[in-house]
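Report on the structure given below.
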Amino acid sequence: MIHNNHNMDSRNPTQTLRFPMLRAKRLTSTSLSTVIALSGTALFPLSAIGQAVLEEVVVTARKREESLQETPIAVSAFSGENLEELGMRDMASLRNVVPNVDLYEGNGTGGSGNIFIRGVGARNTGVNFDSGVGIYLDGVYISRPDGALLDNIDVQSIQVLRGPQGTLFGKNTTGGAILYTTNKPNEELSVHAEGRLGNYNRNDATLTVNLPLVGDTLMSRASIYQVKRDGYVKSVSNGEPGILDGEEFSDIDRRGAQAQLRWLPNEDVLVDFNYFYAKADQAARGQNCEVVDDIEGAGWQSALQDPFIFQPSTGQTILEWCQDNDDLGIDKIQSDLTPNKYEAETNTAAFNVEWDINDDLNFKSITAWRGTEAGASNDLDAVGIPNLHRTNFDPNGELQNTDAYSQEFQLAGSAFDYKLEYVVGVFAFYEETDAGTQVSPSGPFFGTLGDPNQAFYINQTLELLAENTSYSAFSQVDWNFNELWRLTVGLRYTYEERELTRKFRVPDVATLATTGDAEESPLSDTFFLFPSGPESFNPDPDFIIGPDPDNPNQPDPLADQTLKIDNDDLTPMISLQRTFEGSGFINSGTAYATIANGFQSGGITDTVDIETRRIEEYDPEEVWNYEIGFKMDAWDRRLRLNTALFYTDYKDRQLTTVRINPDTGRIAGALINAESSSITGLEIETLWLPTDNLQLTANVTFNEGEIDKYEDERITTVSAGPLPPGCTRIDVGLDVVENCEIDRSDEDLPRLPEQIYFLAAQYTWDTDFGTVVPLLSWSYRADVDNCFDRSSCLSGLYKVDQEDLSARLTWFSPDQNLRITAYGNNLTDERYITGGTPLVDVTETAGTIYNIPRTYGIEIAYDWN
């Protein structure tokens, strides 16, 4: 059923949807959330169940409003009502229902957003790396993963666009884009309140007030919210000194607010101002530690350090410490992480102007600023002793501070009686990170080499200052050359310039002891003597530029490095589409064939080359996507079937690896290019109404990823005999390791499930005391791989199946103003790996993070109108 308030011309059913007049916007400013009712993935808003047909779905995936079933893109759409009633509380909940979306509440051990679509994203979250999935909040590009795990607060709609969106959305959308649209102020006074309670002390609350200020000319809307849950992972000291006891990990503690103004000075102009604030202040994600000791060549660091450092100082090897952690079970860990913290604060201000120049031409301006301040403490190896830590909260550390500014102008119009429709525009973006120092301590481990006053100690500070500038111009044109056929052609030109400054510091030996008598050991620059004993160690030394390895009496000339690069690219697309209207059992539908190009930013890695000790450039990622799609509503609009068959060809795919710092022997993540790779996939989304009160959803996805050429380097223990071909030896203190060229083309693409299934059923009972709606859903993902170093990929530990069974029972009051829902997620209490820090090459240990156990609770929502 198509709502009558669409005001759709029967001769051109998408006419007013594509270029709505602002008078219609006044009248329907609250109705779009009911129009974007469902997709092949989403379910009906529960209050709408009982209708005999599937409703129209309006999306803005191509920067104008049009029917989902006529959009030649693989897109899933959810209304705000949908999200609320299905219990989808934040962006992470999309993973269960949207084909080929992979996202969890954090990345590594931090809480930053890290999303993959069709196996494309970025594990690295530094300011010098970008994700291949673009996130947009009311048209504003969110460039940093901190604060990008958006909570679904007063949301009008979420649209997930799968596949490269390089023409309309530009760079960094090689995997796809997620569009968040918030509800806009309207002329009606209304209040919405919602609360959620559950196990693990779940305590969520939201309050939204819509307040007209000057009739239907000036309107306001404001929301406040909090999302809280205790951690499900706890640290256990087992009597070991320095290890936390009873402290929670993997909690949630976010809060924020949004304020909006809408001004309509006349019939043709609309002005929106939106301010959004969000704060996360929570613990790190707790890692279990699992021993992986059967990979040849792995464990170079533990092999070097166990006999000289860890065993003399702690009484155990790295593997024994890891096993102690694993023996506790996946929800109890050993950790000495202090402070145990992830923090992110974001402020976003957007100023949007729309002007209907005439009936056929619309102008839009989007001006935005987004400020992000964030920091994290990371226990990278999860062994429980201070071996591989990284933190912004040390006295010598500093939170990362990023400001991003963007400006977009769009002109959308039609000509020749709507036979020609177009969108043209320009986009400018500037981002600056002017602070953000991480401190990476290891040790001190006293008692090394039998001397109680000698300690192994490594520490460093790393500050990254970044500037990113980008300009682009784009155009996309639709030619409706008859009532059934449409040709779409698009092109975007992008130019970008990136600059990174790396500042590297090491401890000042003169400040390592409170007594001022510490000195460097003659054995190595990672060992220090403390004549006044271990109690004189100063945990907060000063940091200085280290000595030049080639001239120890001079400061290192490469302690501070700056590199600037620039890239540009053309990203074209072409799509041919044929629509169906009233053809046999098909009520409406479309078939399309699309070729689209995407462009992922190149950049500069903060790790340095082993031989030159200089920071290096990695290349842009380019992708061509070939897709055939079919969408239909059939059998009196009781069945919706949307399918997409795609082949995606990647050049210089950006993947994460591990490198070693030649100055300290420490390891760090780096981004490198896999020269050639591809993904083939089939996505099927179905929605069926067998009766007026029963709705069934079934989605199936099949993927096959191939890496054709991926050359990397692997650090290993020293092999017996002569140096193997393609290897070099590196001095890392007391001994050497080998760095060898390897071929990694036999590995899986990261976070690309081979199969995905989603099934859901809901039924509606209408009674005199209200409406009761039970909902049961099941999702299953097969063979999801979260590895990134060579040995972790060889081990197969991070390649898992993921399953979730959830249920909801909802009651609506007769006037539909009150909703009460009992919910349960992961009812079978399935546990599986969702991430972690694979360091199998380094220590033969694997940091593993598991999904949350069974959760349950109750939700209450009320609307005052």
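Tabulated values for the structure
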{"quantity": "Rough spin-label spacing in nm, given labels placed 7 Å along Cα→Cβ, for Ser475 and Leu207", "calculated": "5.2"}
{"quantity": "Cut-off 12 Å between beta-carbons: net charge of the residues surrounding Leu752, Lys and Arg +1, Asp and Glu -1", "calculated": "-3"}
{"quantity": "Range of Cα positions in the range 723-865 per principal axis (Å), largest first", "calculated": "82, 30, 29"}
{"quantity": "Per-bin percent of Cα-Cα distances, the range 788-844 [10 Å]", "calculated": "19, 27, 19, 16, 11, 7, 1"}
{"quantity": "Candidate lysines for bridging to Lys184, where Cα separation is under 27 Å - those fewer than 8 sequence places away on the same chain excluded", "calculated": "Lys25, Lys63, Lys228, Lys279, Lys364"}
{"quantity": "Mean Cβ count within 10 Å, highest first, over the residues of peptides 196-202, 414-420", "calculated": "196-202, 414-420"}
{"quantity": "Virtual spin-label span in nm between Thr338 and Asp743, 7 Å along Cα→Cβ", "calculated": "5.0"}
{"quantity": "Lysines whose Cα lies under 19 Å from that of Lys709, excluding same-chain neighbours fewer than 8 positions away", "calculated": "Lys651"}
{"quantity": "Calculated P(r) of the range 500-589 - Cα pairs past 19 Å, %", "calculated": "65"}
{"quantity": "Cα-derived Rg over Rh, computed across the range 706-763 with Rh taken as Kirkwood radius", "calculated": "1.35"}
{"quantity": "Normalised convex hull volume, the range 738-785, alpha-carbon set, Å³ per residue", "calculated": "92"}
{"quantity": "Mean accessible surface per residue for the chain, computed with a 1.4 Å probe while every protein chain stays in place, in Å²", "calculated": "36"}
{"quantity": "For the range 579-699, average projected area of the Cα convex hull in nm²", "calculated": "11.0"}
{"quantity": "Within-15-Å neighbourhood charge of Arg637 [Cβ basis; K, R +1; D, E -1]", "calculated": "-4"}
{"quantity": "Computed P(r) (all Cα pairs; the range 411-473; 5 Å bins; percent)", "calculated": "4, 12, 10, 8, 8, 8, 7, 7, 6, 6, 6, 5, 4, 3, 3, 2, 2, 0"}
{"quantity": "With every protein chain in place, the range 266-328: carbon and sulfur % of accessible area (1.4 Å)", "calculated": "46"}
{"quantity": "Helix axis angle, 318-327 relative to the chain longest principal axis, alpha carbon, degrees", "calculated": "40"}
{"quantity": "Share of Cα-Cα pairs in the range 760-814 lying beyond 15 Å, as whole percent", "calculated": "64"}
{"quantity": "Dimensionless Rg/Rh of the range 613-653 - Kirkwood Rh, Rg from C-alpha atoms", "calculated": "1.42"}
{"quantity": "Extended-chain gain in nm, criterion 0.36 nm per residue less alpha-carbon gap, Glu188 and Leu484", "calculated": "102.5 nm"}
{"quantity": "Diffusion constant of the range 541-616 at 10 °C, which comes from Stokes-Einstein with the Kirkwood Cα-pair radius and 1.306 mPa s, µm²/s", "calculated": "86"}
{"quantity": "Helix-derived mean residue ellipticity, 222 nm - over the chain, DSSP H n ≥ 4, -39500 (n - 2.57), to 500", "calculated": "-1000 deg cm²/dmol"}
{"quantity": "Viscosity 1.306 mPa s, 10 °C: Kirkwood-radius Stokes-Einstein D of the range 71-179 over Cα pairs, µm²/s", "calculated": "115"}
{"quantity": "C-alpha center-to-center spacing [the range 702-768, the range 612-654] in angstrom", "calculated": "21"}
{"quantity": "Compactness of the range 653-732, expressed as Rg and Dmax over alpha-carbon positions, Å", "calculated": "23.5, 76"}
{"quantity": "Surface/4 estimate of mean projected area, convex hull on alpha-carbon atoms of the range 266-386, nm²", "calculated": "13.6"}
{"quantity": "Size of the range 421-522 as Cα extents on the principal axes (Å, biggest first)", "calculated": "87, 26, 20"}
{"quantity": "Between the range 796-865 and the range 410-449, the Cα center-to-center distance that results, in Å", "calculated": "29"}
{"quantity": "Contour minus Cα-Cα distance for Asp294 and Asp609 (0.36 nm per residue)", "calculated": "110.5 nm"}
{"quantity": "Packing rank of 703-709, 487-493, 357-363, where each peptide gets the mean count of other beta carbons within 10 Å, highest leading", "calculated": "487-493, 703-709, 357-363"}
{"quantity": "Cα-projected label distance for Tyr495 with Leu682, points at 7 Å along beta-carbon direction, nm", "calculated": "4.6"}
{"quantity": "Mean projected area in nm² (Cα convex hull; one quarter of hull surface) for the range 376-457", "calculated": "10.1"}
{"quantity": "Charge sum, other residues only, whose C-beta stays under 13 Å from Tyr647's C-beta, Lys/Arg counted +1 and Asp/Glu -1", "calculated": "-4"}
{"quantity": "Efficiency of FRET between Leu776 and Tyr277 - r from beta-carbon atoms, R0 30 angstrom, step 0.05", "calculated": "0.20"}
{"quantity": "Share of pairwise Cα separations in the chain, more than 39 Å, in percent", "calculated": "40"}
{"quantity": "Shape category assigned to the range 130-229 from the gyration tensor of Cα positions, a/c cut at 1.5", "calculated": "oblate"}
{"quantity": "Extension gain (nm, one decimal) between Asp359 and Phe702, 0.36 nm per residue minus Cα-Cα", "calculated": "119.1 nm"}
{"quantity": "Taking only Cα atoms of the range 371-414, radius of gyration then Dmax in Å", "calculated": "19.7, 65"}
{"quantity": "Value of Rg/Rh across the range 475-549 [Cα atoms, Kirkwood radius]", "calculated": "1.70"}
{"quantity": "Mean Cβ neighbour count within 10 Å, used as a protection proxy, ranking 75-82, 621-628 highest first", "calculated": "75-82, 621-628"}
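The values are calculated or read from the model by the stated rules, or taken from the named source; none is laboratory data. The model shown is predicted, which means the values in this text are computed figures rather than measured ones. Cβ: placed from backbone, ideal geometry, glycine included. Neighbour counts: every protein chain shown. The protein model used for the area step is the full one, side chains on, heavy atoms only, and it has no ligands, DNA or RNA in it. Shrake-Rupley method; radii C 1.70, N 1.55, O 1.52, S 1.80 Å.
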